[in-house]
Amino acid sequence: MTEMLKLPVLPLTDSVVLPGMVVPVRLDEPETQAAIDAAGSGADADADDAKTQRRVLVVPRLDGRYAAIGTVAVLEQIGRLPNGEKAAVVRGERRAKIGSGVTGPGAALWVEAEPVQDAQVTGRTQELAKEYKALVVSILQQRGAWQVIDSVQQTADPSALSDLAGWASYLDNEQKAQLLAETDVTRRLELLLKWTKAHVAEQEVSEKIAGDVREGMEKQQRDFLLRQQLAAIRKELGEGDGDESEDDYRTKVENADLPEHVRKAALAEVGKLERSSDQSPEGGWIRTWLDTVLDIPWKETTVDTDDLVEARRILDADHAGLDDVKERLIEFLAVRSRRGRKGLDTVGGRGSGAVLSLVGPPGVGKTSLGESVAHALGRKFVRVALGGVRDEAEIRGHRRTYVGALPGRIVRAIREAGSMNPVVLLDEIDKVGSDFRGDPTAALLEVLDPAQNHTFRDHYLEVDLDLSNVLFLATANTGENIPGPLADRMEVVTLDGYTEAEKIAIARDHLLPRQIEKAGLETADVEFSEVALGMIAAEYTREAGVRQLERGLAKVLRKVAVQLDATSPEDSESERPVHVDADALVTYLGRPRFTPESAERTSVPGVATGLAVTGAGGDVLFIEATKMDGEPGLTITGQLGEVMTESVSIALSYLRSKGLAGDLASKKLHVHVPAGAVPKDGPSAGVTMTTALASLASGRPVKSSVGMTGEVTLQGKVLPIGGVKQKLLAAHRAGLTDVIIPKRNEPDLDDLPESVRGELRVHPVADVADVLEIALEPAREHVSAA
């Protein structure tokens with residue numbers, strides 16, 4: 001039977017004592033002092049009693065409750081701690097189950113305690129003890145506690161090994177109390193393995209995190225040290241191209257000539273830069289933004305010329321013709337000059353900028369005109385290519401939240417120009433696209449609106465930018481492709497193309513000297529006659545502009561260069577200058593490609609010559625009609641659009657209603673427009689369709705010298721159409737002498753060059769009957785010819 005012990009209770013509220021532990025206990029509570037006093041009260045008794053009296057039952061009292069099992073401990077020493085507090089040293093011996101209270105000396109609580117015997121050690125207990133010992137040793141090795149490792153390895157008893165966990169710092173008092181209360185050694189080891197493995201896993205994660213943090217801090221410290229060393233080296237070398245400091249930016253912003261709202265925004269960004277760390281990526285973004293703001297010429301402008309005569313001379317020297325554009329620019333310059341003299345340049349916060357749209361076929365000089373305008377006005381010039389742009393951010397800029405954000409093309413153009421009143425050429429504005437990234441033409445609405453662009457706000461800058469003094473010149477091939485709201489904000493100036501005389505002048509004064517230089521020749525090496533230049537413009541090219549003309553000149557000059565280099569120096573000298581005339585052109589360029597064909601095409605009834613406008617300018621259009629036996633019906637070919645197809649039906653209905661259709665109602669009809677690979681549409685071919693069908697019905701051919709254009713109604717009225725100037729220029733190029741146009745288009749003749757108007761007989765008509773009277777050959781002549 002187990003011996004019952006009578007012991008005073010030493011309660012501990014902040015620690016747990018397991019068997020084998022030697023711990024100091026502060027005597028700062030009455031209960032602990034009473035227990036120690038009671039344990040030492042039998043010091044003068046006999047040896048056995050004294051041994052018993054110097055023991056205490058150390059019991060954990062957690063959350064105000066006593067544990068059911070305590071530790072029988074021996075009072076080893078009573079004294080004071082280094083700070084002067086009274087304390088006692090106790091050594092735990094074994095577990096004991098707390099029994100009932102008993103009486104004893106002093107004020108301590110005395111209880112009966114029944115010692116607890118450890119269970120028999122089994123094979124599993126030994127395995128658990130071995131595993132736990134290895135785990136504890138690995139933890140101690142990481143900490144470098146080699147003396148403790150020796151003590152652990154020398155502990156063979158599984159119960160004593162498990163009680164060593166009382167020293168483990170990673171176990172809380174609740175867990176240690178649970179170990180004290182567990183009398184089964186196997187169960188204690190299982191609990192310890194579970195808790196220790198969890199601690200090891202937690203330590204591994206903590207060490208990994210700590211390692212990552214330490215590695216990052218070491219890298220930051222290394223980068224900081226290297227930057228400081230680099231700055232010191234640059235300072236010693238006297239180099240000033242290093243990174244700008246925050247103080248430098250603040251000084252730059254304060255000294256820069258910025259508008260007040262821009263200065264305020266820039267200083268706010270400098271403040272953010274000063275508060276950010278050197279390693280923060282935001283610092284780089286702020287520096288880029290500040291550099292962009294400081295590069296913009298906020299208050300820099302160029303002085304416009306006041307000499308209108310000199311400005312017109314410059315425009316005439318650079319470009320032949322284009323009088324409409326030149327007159328509009330001279331008007332702009334005159335108004336600008338008068339406003340400047342009266343101090344009205346910035347009334348209402350709006351400058352005297354302008355937005356012009358140059359619409360015309362390729363090769364007429366729209367793009368080169370922009371640079372010429374800047375030269376004439378004394379302004380800076382910058383070109384913004386818009387062809388194929390599909391992203392709205394290209395115009396308005398990217399927001400600074402994106403990596404690699406940049407200002408839009410408008411801001412970059414102003415920065416590149418170096419002044420706030422440049423000439424900005426928006427090239428190919430009709431070829432701007434749109435997709436899921438936005439519509440750039442919608443962003444251009446604010447840029448090109450004179451009532452709004454004095455407060456243009458780029459997404460990247462996020463400050464107002466005044467564009468009201470900028471002269472915007474937009475170029476386009478076809479005005480139909482420009483959205484209506486955008487076209488409404490621009491003043492459209494149409495460039496319809498050059499006459500043959502203007503092309504000859506351009507070739508002689510501009511193209512020929514440039515191509516002679518490119519070919520490596522001298523002016524004295526070659527000589528072109530006026531007839532040769534005219535033939536290249538009229539018979540080897542057929543265009544509204546002069547690009548093909550320039551290529552023809554280049555081809556001739558290359559052959560001339562070969563001719564001169566292929567002979568001996570003496571013979572070459574005697575051949576200079578090489579004369580290029582009409583006969584020589586056949587040698588250099590081959591036979592003419594474009595010859596008048598109207599007489600040949602209209603020699604039979606049913607063929608009429610129409611006039612049309614394409615993206616490349618005006619052109620002639622032949623419409624053919626024929627009839628044959630078979631089931632009555634109408635066939636239309638030539639890739640005609642819906643409107644043009646309806647014009648054929650309208651023409652046929654009109655002729656039938658007026659009794660001019662002859663036997664067409666009983667015949668199978670076929671109407672064809674050659675150049676079948678090219679889509680065609682529009683109502684302006686109505687009178688040509690009617691004339692071709694009337695010629696077929698009457699058997700009277702259409703006069704070969706007549707071209708026509710106009711929309712026709714069922715009542716035979718001729719309605720106005722567009723592109724009259726381009727169509728008349730095309731008729732002139734094709735060798736036509738008579739042109740029929742709607743009477744309501746008569747005012748458009750004022751835009752026609754005088755030289756062309758003198759060579760064309762223009763017939764304004766209001767009724768289709770007048771068209772047929774002018775266009776068809778007389779019936780008697782046709783009969784006599786038959």
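The values are calculated or read from the model by the stated rules, or taken from the named source; none is laboratory data. None of these values were measured; they are calculated from a predicted model. With ideal geometry, Cβ positions are generated from the backbone for all residues, glycine too; neighbour counts draw on all protein chains shown. Each accessible area value is taken on the protein alone, full model and side chains, heavy atoms only, with ligands, DNA and RNA left out. Shrake-Rupley method; radii C 1.70, N 1.55, O 1.52, S 1.80 Å.
Details
- Region 151-208 - Rg (one decimal) and Dmax (whole number), Cα, Å: 12.1, 37
- Each Lys and Arg adds +1 at its Cβ and each Asp and Glu adds -1 at its Cβ; summed about the Cα centre, region 435-556 shows a dipole of about 420 debye.
- Since only Val620, Thr609, Gln715 are under comparison, the one whose Cα sits farthest along the positive direction of the charge dipole of the chain, derived from C-beta charges on Lys, Arg, Asp and Glu, is Gln715.
- Vicinal HN-Hα couplings computed from phi for region 522-532 (Karplus, 6.51 cos²θ - 1.76 cosθ + 1.60; Hz; Gly/Pro x): 10, 4, 6, 7, 8, 9, 9, 7, 4, 5, 5
- Placing unit charges on the Cβ atoms of the charged side chains and taking the dipole of region 502-568 about its Cα centre, the candidate lying farthest along the positive direction among His510, Ile536, Thr523 is Ile536.
- For Ser357, the residues whose modelled amide H falls within less than 5 Å of its own, excluding neighbours fewer than 5 places apart on the same chain, are Ala474, Glu491, Val492, Val493.
- The rule of thumb for compact globular proteins, 2.2 N^0.38 Å, goes into the C-alpha radius of gyration of region 414-515 1.37 times.
- Within a straight-line Cα-Cα reach of under 25 Å, Lys194 can be paired with the following lysines, leaving aside sequence neighbours fewer than 8 residues apart in one chain: Lys130, Lys133, Lys176, Lys208.
- Two-decimal log10 I(q)/I(0) for region 110-236, as the Debye equation yields it once each C-alpha is a single scatterer, q = 0.16, 0.19 Å⁻¹: -0.86, -1.08
- Taking the square roots of five times each eigenvalue of the Cα gyration tensor of region 701-752, the equivalent ellipsoid has semi-axes of 19, 16, 8 Å, listed largest first.
- Cα-based shape type of region 372-447, given that a ≥ b ≥ c are square roots of the gyration tensor eigenvalues and the cut on a/c is 1.5: oblate
- Crossing angle, helix 642-657 versus the chain [Cα axis fit, 0-90 degrees, rounded to tens]: 30
- For Leu10, nonlocal amide neighbours, meaning residues 5 or more places apart or on other chains whose placed amide H falls under 5 Å from its own, are Leu57, Val58, Val59.
- Dimensions (Å) - region 507-565, Cα atoms, principal axes, largest first: 33, 17, 17
- Take region 620-726 with all the other protein chains still there, run a 1.4 Å probe, and you get 41 Å² of accessible area per residue.
- Inter-probe distance in nm under a simple model that places probes 7 Å from Cα toward Cβ, at Gln117 and Asn255: 9.6
- Acute angle (nearest 10 degrees) that the helix 724-733 long axis makes with the longest principal axis of the chain, alpha-carbon atoms: 60
- Here the chain exposes an accessible surface that is 50 percent carbon and sulfur, computed with a 1.4 Å probe and the other protein chains kept in place.
- Accessible surface for Ser151 stands near 60 Å², nearest 10, in the context of the full protein assembly shown (1.4 Å probe).
- Rounded tilt (10° steps) of 308-318 against the dominant C-alpha axis of the chain: 90
- Peptides 106-113, 262-269 ranked from most to least packed by the mean count of surrounding Cβ atoms within 10 Å: 106-113, 262-269.
- Distance (nanometres) between label positions extended 7 Å along Cα→Cβ at Leu294 and Glu416: 2.3
- FRET efficiency, Ser653 to Val604 (Cβ-Cβ, R0 30 Å, nearest 0.05): 0.80
- Base-10 log of normalised Debye intensity for region 296-341 (one unit scatterer per alpha-carbon) at q = 0.21, 0.31 Å⁻¹: -0.75, -1.12
- Modelled spin labels at Ala334 and Asn173, positioned 7 Å past Cα toward Cβ, are 10.2 nm from each other.
- Accessible area in square angstrom per residue, region 449-543, 1.4 angstrom probe: 41
- Dipole of region 76-116, positive end: most advanced residue of Val111, Ile98, Gln77 [Cβ charges, Cα centre]: Gln77
- Taking all C-alpha pairs of region 100-153, those more than 14 Å from each other amount to 70 percent.
- Given +1 at the Cβ of Lys and Arg, -1 at the Cβ of Asp and Glu and no other charges, the dipole of the chain around its Cα centre is 1220 debye to the nearest 20.
- Region 648-744: projected area of the alpha-carbon convex hull, averaged over directions, in nm²: 6.8
- P(r) weight above 21 Å for region 247-347, C-alpha pairs, percent: 57
- Helical contribution to [θ] at 222 nm, DSSP H n ≥ 4, -39,500 (n - 2.57), averaged over the chain, rounded to 500: -13500 deg cm²/dmol
- Applying 0.36 nm per residue to the separation of Asp150 and Glu491 and subtracting their alpha-carbon distance, the gain on full extension is 113.1 nm.
- Computed log₁₀ I(q)/I(0) - Debye formula, equal Cα scatterers, no solvent, the chain, q 0.07 Å⁻¹: -0.75
- Residues in region 459-503 reached by a label modelled at Val643 [backbone nitrogen below 17 Å; 7 Å Cα→Cβ]: 478-484
- Using the Cβ-Cβ distance between Ala317 and Asp663 with R0 = 51 Å, the FRET efficiency computed as 1/(1 + (r/R0)^6) comes to roughly 0.25.
- Efficiency of FRET between Arg591 and Arg390 - r from beta-carbon atoms, R0 35 angstrom, step 0.05: 0.20
- Packing order of peptides 376-388, 215-227, 725-737, highest average first: 725-737, 376-388, 215-227 (average count of other Cβ atoms within 10 Å over each peptide's residues).
- Extension gain for Ala268 to Met628 (0.36 nm times residue separation, less C-alpha to C-alpha distance): 121.2 nm.
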